[in-house]
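Only the coordinates and a few stated rules stand behind these numbers; no lab work does. In this text, all values refer to a predicted model and were calculated from it rather than measured experimentally. FYI the Cβ positions are ideal-geometry reconstructions off the backbone, even for glycines, and counts take in every protein chain you see.
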Amino acid sequence: MSEISIREARPTSTTASASSWPRCLARSQASGPTEQPRYYELLANVGVFATRPDTQLLVAVLDDRVVGGVVYFADVANYGSGR
């Protein structure tokens, strides 16, 4: 049985994460890209978070495939909500 590994995102995994996060969120939320276009655009460009100070983009990898991810903000000011 394969195990999930957690690591910092690489440019290729950032692209994979970015394409899956908006789809997953749309399935789990009452509101979608039509109601929150800026938020979904932000998710589609999630790799930009990796360039912000004190921020990490981590991905879960199973069989060389990104299956999840999380963005860690040491300082929530780097999240940029309301911008």
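Brief remarks on what is shown
- Residues that are of a type in the set (A, V, I, L, M, F, W, C) and either assigned to a strand (DSSP E or B) or in contact (Cβ under 8 Å) with a residue 60 or more places away in the chain (or both) within segment 43-83 comprise Leu57, Leu58, Val59, Ala60, Val61, Leu62, Val66, Val67, Val70, Val71, Phe73, listed in sequence order.
- Tallying residues that are closer than 16 Å to Arg7 by Cβ and surrounded by fewer than 14 Cβ atoms within 10 Å (Cβ to Cβ) within segment 42-83 yields 7.
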